[in-house]
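Here the structure is laid out as structure tokens; the discussion comes afterwards.
The values are calculated or read from the model by the stated rules, or taken from the named source; none is laboratory data. Given the structure is predicted, the values throughout are model-derived calculations rather than measurements. Cβ coordinates were reconstructed from backbone atoms using ideal geometry, including for glycine residues, and neighbour counts include every protein chain displayed. In case anyone asks, the SASA skips ligands and DNA or RNA and just uses the protein heavy atoms, side chains included. Shrake-Rupley method; radii C 1.70, N 1.55, O 1.52, S 1.80 Å.
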Amino acid sequence: MQFEDAQKRVEELRQLLTRYGYEYYVLDQPTVPDSEYDKLMQELIKLEEQFPELRTTNSPSQRVGGEALEGFKKVEHEIPMLSLGNAFNESDLRDFDRRVRQAIGETSYVCELKIDGLAVSLRYENGQFVQGSTRGDGTVGEDITTNLRTVRSIPLQLNEEVTIEVRGEVFMPKKSFIKLNQEREENGEDLFANPRNAAAGSLRQLDPKVAASRNLDVFLYAIGENNLDHLQRHSEGLDYLDRLGLKTNKERRICQTIDEVLQYIEEWKEKRPHLPYEIDGIVIKVDRYDQQEALGTTVKSPRWAIAYKFPAEEVMTKLTNIELSVGRTGVVTPTAILDPVRVAGTTVQRASLHNEDLIKEKDIRIGDYVIIRKAGDIIPEVVQSVVEKRTGEEVPFSMPTHCPACGSELIRLEEEVALRCINPKCPAQIREGLIHFVSRNAMNIEGLGEKVITQLFDNHLVNDVADIYKLERDQLLQLERMGEKSVQNLLTAIETSKDNSLERLLFGLGIRHVGAKAAKILAEHYGDIDSLMKAGEEDLQVIDEIGEKMANSIVTYFQAPEVEELITELKDLGVNVTYKGPHIKNAVNVKSPVAGKTIVLTGKLEVLSRNKAKEKLELLGAKVTGSVSKKTDIVIAGSEAGSKLTKAQDLGIEIWNEEQLQALFNQ
Ligand code: IVH
């Protein structure tokens, strides 16, 4: 493509992608399928790669997270980012209303949800996103622009060429939080206590790829520095932010009296558990800007606004038992079994007690009355036992020394609080592994849930994941509640799963530390399981996202003879072991002189075999193909190179000898 054509197309693609992104992330009303978006994005990435002079920092392709930072720069807030005074009950709110009306007379309020996340400030110059920062101490915050760029609902460009600073809250939706913690649990990482900590933790990462992977979102709720004079009210200000393409929360309401405010609060106490994100209260703001100014601020907070804080709902119930479960990785977790009780919108009957240390620390005994609360209003937790209600019948708990499923001795790994069963043949672990293998993010075999797997496993019909692909109609018909139709559907689902792209299999195998995301990266990078199985720790660590721990775990996993057997068996059964998705990662992430280049190897190489050279080049992000064409960037010619070399010379393609190739590998 000619430069001018590319320039035009890049412009077009950016406009389309910006619009589709806005519809998807800000309005929550997508108009095109994800696949269309992905296709256009890849086209853009390709063109920007081909014509580096067309790259811009605010291109929609630049959301993946660039280079890691050494540290965060400080940013001074011209207008301090204040916090809010708190109200905990009706009388606090009536006092606030009285103070306001005494000072300025008749007024109206805007009520908004108090989003439980992290306050940020975003600067736009001539409509372009130029800087984002944290609140810090209110006067000086930290520059987290690179992380904020990865938040899809933050537009990189506004609908008007204004220069404006806006403020809002970055948060993690409840679903993303639960998923993130599930992944972390599977990978043996520490869990985040609530979505707020998860959001804060993500924005504080120096490597923007972490933030990019965390599915953060934003609501803007105020205008900071600006030179606008057409706005008279906060409510108009929020409508204006909408027009600029910024995301605001739509549940706001203008209230004329404090009684209307109280009504709004009552409504949201009810509706709160059903929101897809966390709120911890309601913010009440005087609407008119001139009245806000007249009221002014104290050192800490404005006099024209107040935050009503919801009380954390806590209930009492009886802890009837402590159950132990053995996870896929052998970790033995105690769970409190509770008399069912309603808290923050759902009925709770179980709560994880995490580990023995925690139970000891809180002195929780079987038979105790306990206080239950939802951590971050999602995950039930036992706050404490109610000692006054003890009868003397309560039984202190201690962890067993042996696995409740297989009887092997439990061990405590260095630096871990958890107890683990390390018997690879432990039936509980195998069963959990099977459940994981068929789960949605792994092989995604519909109809093969926990109950069916348990039956198959207990009846010795399935002992390892390969057995799933050997199941026959008659065997399935014997199971409880399995009719002709469900058996047929299940067999079809199993058959279909054979065609999955490699990353599903890799994730499903349950290699320690390899979550769904890492599996995708590995699959994309290696293309097929054989290449991955041959990779050494150092090769693996060439990939940005793969650290020492994961590399070690992958190599150890594939070294086991039974794993090799299993993979061979899966292949024989017709399970696909190649990557079928798009190839964008190499081009975007790998920083090497040959990243994204198309290379042809020809002739005899002395030091390395051609295959080995191909593998190494691919590790560096190059695409290695068999024939020379106009699309070829480099031809590497060994001795006795023939027609391919001639063709490359004819086409004026860059030609390297083996020494140059070695120099590249040694870099
Ligand atoms: S207004 C000067 N509106 O709550 C007033 N704050 O305790 C600036 N927050 O630091 C804040 N949702 O991080 C405002 N709709 C909302 C909010 C909100 C959440 C946070 C914000 C602020 C804290 C105050």
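Which of the residues belonging to segment 625-667 are assigned to a strand (DSSP E or B), open to solvent by less than 30 Å² (accessible area, probe 1.4 Å) and out of contact with any Leu (no Cβ under 9 Å at 6 or more places or on another chain)?
Just the residues of segment 625-667 that are assigned to a strand (DSSP E or B), to begin with: 625, 634-637, 639, 654-656.
Now restrict to residues that are open to solvent by less than 30 Å² (accessible area, probe 1.4 Å): 634-637.
Hit for segment 625-667 is 634, nothing else.
Do we have any residue at all in segment 283-298 that's of a type outside the set (Gly, Ala, Ser), modelled with pLDDT of 90 or more, away from the ligand (no atom under 16 Å from the Cβ) and open to solvent by 20 Å² or more (accessible area, probe 1.4 Å)?
Yes, because at least one residue in segment 283-298 is of a type outside the set (Gly, Ala, Ser), modelled with pLDDT of 90 or more, away from the ligand (no atom under 16 Å from the Cβ) and open to solvent by 20 Å² or more (accessible area, probe 1.4 Å).
For the condition closer than 25 Å to residue 71 by Cα, among the acidic types (Asp, Glu), out of contact with any helix residue (DSSP H, G or I) (no Cβ under 7 Å at 6 or more places or on another chain) and open to solvent by 40 Å² or more (accessible area, probe 1.4 Å), what is the one hit in 207, 239, 217, 229?
Working: 239 fails: closer than 25 Å to residue 71 by Cα; 217 fails: open to solvent by 40 Å² or more (accessible area, probe 1.4 Å); 229 fails: closer than 25 Å to residue 71 by Cα.
The conditions single out 207.
Are there any strands (runs of 3 or more DSSP E) wholly within segment 369-455 with 1 or more residues that are exposed (fewer than 14 other Cβ atoms within 10 Å of the Cβ), and if so which?
On the way: elements: 369-375, 379-385, 410-412, 419-421.
Counting at least 1 such residues, we get 410-412.
Would a scan of segment 36-46 turn up a residue that is of a type outside the set (A, V, I, L, M), touching a strand residue (DSSP E or B) at 6+ places or on another chain (Cβ under 6 Å), outside any loop (DSSP other than H, G, I, E, B) and open to solvent by 80 Å² or more (accessible area, probe 1.4 Å)? Walk me through it before giving the result.
At the first step, the residues of segment 36-46 found to be of a type outside the set (A, V, I, L, M) are 36-39, 42-43, 46.
When the remaining residues are screened for being touching a strand residue (DSSP E or B) at 6+ places or on another chain (Cβ under 6 Å), the result is none.
Within segment 36-46, not a single residue is of a type outside the set (A, V, I, L, M), touching a strand residue (DSSP E or B) at 6+ places or on another chain (Cβ under 6 Å), outside any loop (DSSP other than H, G, I, E, B) and open to solvent by 80 Å² or more (accessible area, probe 1.4 Å).
Please determine, by comparing only the residues of segment 299-321 that are open to solvent by 20 Å² or more (accessible area, probe 1.4 Å) and of a type in the set (A, V, I, L, M), which one is farthest from the ligand (Cβ to nearest atom).
Selected residue: 316.
Please determine whether any residue of segment 307-327 is out of contact with any Pro (no Cβ under 6 Å at 6 or more places or on another chain) and free of Cβ contacts under 8 Å to residues at least 12 places away in the same chain. Give the derivation first.
Residues of segment 307-327 out of contact with any Pro (no Cβ under 6 Å at 6 or more places or on another chain): 307-321, 323, 325-327.
With free of Cβ contacts under 8 Å to residues at least 12 places away in the same chain added as a condition, the list becomes none.
No.
When segment 541-558 is examined, which residues are found to be closer than 17 Å to residue 512 by Cβ, open to solvent by 20 Å² or more (accessible area, probe 1.4 Å) and touching a helix residue (DSSP H, G or I) at 6+ places or on another chain (Cβ under 9 Å)?
Result: 541, 545, 547, 548, 550, 552, 555, 557.
From the set of residues in segment 60-114 that are open to solvent by less than 20 Å² (accessible area, probe 1.4 Å) and of a type in the set (Gly, Ala, Ser), which is nearest to the ligand (Cβ to nearest atom)?
87
Quick check on segment 115-128: of everything there that is surrounded by 18 or more Cβ atoms within 10 Å (Cβ to Cβ), more than 9 Å from the ligand (Cβ to nearest atom) and of a type outside the set (S, T, N, Q), which residue is nearest to residue 202 (Cα to Cα)?
First, pick out the residues of segment 115-128 that are surrounded by 18 or more Cβ atoms within 10 Å (Cβ to Cβ): 115-124, 127.
Keeping just the survivors that are more than 9 Å from the ligand (Cβ to nearest atom) gives 121-124, 127.
Of the ones still in play, those that are also of a type outside the set (S, T, N, Q) are 122-124, 127.
Values: 122: 17, 123: 20, 124: 23, 127: 26 Å.
Checked segment 115-128; the qualifying residue nearest to residue 202 (Cα to Cα) is 122.
Name every residue in segment 47-59 that is open to solvent by 30 Å² or more (accessible area, probe 1.4 Å) and of a type outside the set (S, T, N, Q), in order of residue number. Don't jump to the end; show me each part of the working.
Applying the first criterion (open to solvent by 30 Å² or more (accessible area, probe 1.4 Å)) to segment 47-59 yields 49-50, 52-53, 55-57.
Once the filter is applied, which keeps residues that are open to solvent by 30 Å² or more (accessible area, probe 1.4 Å) and of a type outside the set (S, T, N, Q), segment 47-59 yields 49, 52, 53, 55.
Of all residues being surrounded by 15 or more Cβ atoms within 10 Å (Cβ to Cβ) and of a type in the set (D, E, K, R) in segment 245-259, which is nearest to the ligand (Cβ to nearest atom)? Just the residue, please. Give the steps one after another, and end with the answer.
As a first pass, look at segment 245-259 and keep what is surrounded by 15 or more Cβ atoms within 10 Å (Cβ to Cβ): 245-249, 251-253, 255, 258.
Next cut, of a type in the set (D, E, K, R) only: 247, 251-253.
Numbers: 247: 12, 251: 10, 252: 8, 253: 12 Å.
Checked segment 245-259; the qualifying residue nearest to the ligand (Cβ to nearest atom) is 252.
Could you give every pair whose Cβ atoms fall below 9 Å, whose first residue belongs to segment 157-168 and is modelled with pLDDT of 95 or more and crowded, with 18+ Cβ neighbours inside 10 Å, and whose second residue is in a strand (DSSP E or B) and of a type in the set (Asp, Glu), counting only separations of at least 6 or pairs across chains?
164/125; 164/225; 165/225
Identify, by number, the condition in (1) among the aliphatic types (A, V, I, L, M); (2) within 31 Å of the chain's Cα centre (by Cα); (3) surrounded by fewer than 19 Cβ atoms within 10 Å (Cβ to Cβ) that residue 336 doesn't meet.
Result: residue 336 passes all but (3).
Considering segment 407-434 alone, what residues qualify as being in contact (Cβ under 8 Å) with a residue 60 or more places away in the chain and closer than 21 Å to residue 563 by Cβ?
420, 421, 422, 423, 426, 428, 429, 432, 433
Look at residue 439 and say whether it is of a type in the set (Ser, Thr, Tyr) and at pLDDT below 95.
Values: of a type in the set (Ser, Thr, Tyr): yes; at pLDDT below 95: yes.
Criteria met by residue 439.
Within segment 557-593, restricting attention to residues that are charged (D, E, K, R) and within 19 Å of residue 540 (Cβ to Cβ), which residue is modelled with the highest pLDDT? So that I can check it myself, show each step before the final result.
As a first pass, look at segment 557-593 and keep what is charged (D, E, K, R): 562, 564-565, 569, 571-572, 580, 585, 591.
Checking which are within 19 Å of residue 540 (Cβ to Cβ) leaves us with 564, 585, 591.
Working: 564: 94, 585: 43, 591: 71.
That would be 564.
Yes/no per residue for (1) more than 16 Å from the ligand (Cβ to nearest atom); (2) touching a Ser or Thr at 6+ places or on another chain (Cβ under 7 Å); (3) closer than 22 Å to residue 213 by Cα:
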| residue | (1), (2), (3) |
| --- | --- |
| 140 | no, no, no |
| 145 | yes, no, yes |
| 149 | yes, no, yes |
| 152 | yes, no, yes |
| 158 | yes, no, no |
| 162 | yes, no, no |
| 167 | no, yes, no |
| 179 | yes, no, yes |
| 183 | yes, no, yes |
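Starting from segment 259-281, keep only residues that are over 16 Å from residue 110 (Cβ atoms), then list their pairs with residues that are more than 14 Å from the ligand (Cβ to nearest atom) and open to solvent by 50 Å² or more (accessible area, probe 1.4 Å) whose Cβ atoms are within a distance under 8 Å, requiring at least 6 positions of separation or different chains.
What qualifies is 273/346; 276/175.
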